[in-house]
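Throughout, read-outs are computed from the coordinates displayed, never taken from laboratory work. Model, not experiment: these values are computed from the prediction. Glycine gets a Cβ as well: all are built from the backbone with ideal geometry, and neighbour counts include every protein chain shown.
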Amino acid sequence: MSFPLGNRRRVSATLPFSFLVALSFAVAAIAGGSKSPYCNNPVQLAMVKIWVDGDEGEYLAGLTASFGATLPEEKNKVPKLPAVFSNPLNGCSSSSSKLSGSAALSVRGDCDFVTKAKVAQSGGAQALLVINDKEEIEQIDCSVDVSPNISIPVVMVPKSVRDELTKTMAIKRVELLLYAPTRPIVDISVVFLWAMSVGTVFTASLWQEFGISEQTEKRLNESSSKESSDAGTDSDNDQETIDISVKGAILFVILASVFLLLLFFFMSSWFLLVLTVLFCIGGVQGMHNIIITPVTRKCRNCPQKTVRLPVIGEVSILSLGVFLLCVIFAVAWAVHRRASYSWVGQNILGICMMINVLQLARLPNIKVATVLLCLAFFYDIFWVFISPLIFQQSVMIAVAKGKNTGGESIPMLLRVPRLIDPWGGYNMIGFGDILFPGLLITFTYRFDRESKKSMGKGYFVWLMVGYGFGLFFTYLGLYLMNGNGQPALLYLVPCTLGVTVVLAAIRGDLKALWGYSSKSSAMINPTAEV
């Protein structure tokens, strides 16, 4: 996380906590009876607002200690305090800097937290900010045999604060205000994000009802042999699809892990720019297909004027006009992607791209779906919960939050600003949490349609309900884990693949689904395999 301290813009600086931090809260709660009575203060998520030369800047998040004074919930109940670095910087001995009436800053290490707090308090400081040695922030405890008489608040803040404040305080006056606003149980933005995710999968599944050509739809109702012979003459006019194989599913998850590590270690402004360009290309293609396909289907017999372009060849004027409008939309979003309203354009491009992907890539049967979703299940858990043990922070969350990009997140996310949360920021969901379950759900829709199953006896409706509940459980887990990043596939895979397998076993369809061969897939692209 980095923040331009002189900026008056209010952005999110809420930091991702690792799974181990959340686990430590639970352990602390269970073992609370053995603690010193002086170390039983409730741990608060502290907001540290920053003023530079009297101008309000951004804010950052911290955690209060289990000892010392608690922070008020309202900012008008606390004064602004001048920020002063302790000297020595470790805060373990009396400071040569004047700390009276200030918010003292010291780095972690060389002595325990209680000693730092006593030194700061004896020097007249009104608060102590302990700068951690890594970006994640941890709970500050005192040992059971210590009875500190600390009457000032003690807050841990992330490592990046040191460099940012050092540069700014060298030439400007910096003041800090510490308080702990209460977060709402549920922010209304979660509802919009849930609706967009479910709506994307639902639309992608039903898209073939009005997105495929009439010739393809006609062949779906003919015999299998007749379909195969027709495919050879009409396939050029139909949408090409790619069936994912078991080897392709394994290779995809491996490549996704490699790419995630590349983003984690080498993410920078220019790398983010490359991702933005690729995102715009995919968004333009998806938006163009979503607009032009139903139009040409409805106006198949309408006369269309064409124009011949170099390299491309002959294209219709309608298709060219729609393409240019899509390009203008994507370029406008890219130019203004840091604006407060840019999330609208990002979501539109992202949804169009995902609907298009779900039409191009397909699961042929439940065997491939099981391999892909189970691998994605463990992929999500590893990179969110286990990666902090290896890389000192969650790789997935660090990339999503915009590590080394000035806080700008990657564009492969749906995001909605938190509307009633005093901390601001965005609720986000990655494309993988929509595409992976979406591949299975679109498969069950095709299976129900080709098997002529009714709504109640089919699988599509049950999986849509399961996907909706899976997202609900994801946000419930996010709340119960105090806002820590959650691997959505941890909940979505059991609620989609698990529901499919259980229903198929009960109905006796499991064998048929396991080795199923889609008629439409074989007809449109019988040999394609990833």
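Over 20 Å apart at the Cα level, from the set Lys116/Lys167; Lys98/Lys159; Lys49/Lys80, are Lys116/Lys167; Lys98/Lys159. Normalised by residue count, the stretch 123-192 yields a Cα convex hull volume of 191 Å³ per residue.
Compactness of the stretch 62-165 is given as radius of gyration and Dmax, 12.6, 36 Å, from Cα positions. Other residues lying with their Cβ under 13 Å from the Cβ of Ser454 contribute a combined charge of +4, Lys and Arg counting +1, Asp and Glu -1.
With an 8 Å Cα cut-off and a minimum separation of 6 or more residues, compute the relative contact order for the stretch 342-481 in percent.
Across the stretch 342-481, relative contact order equals 22 percent.
What fraction of the Cα pairs in the stretch 280-377, stated in percent, has a spacing above 18 angstrom? Value for the stretch 280-377 (Cα pairs over 18 Å): 60 percent. The percentage of C-alpha pairs in the stretch 416-517 whose separation is greater than 21 Å is 41%.
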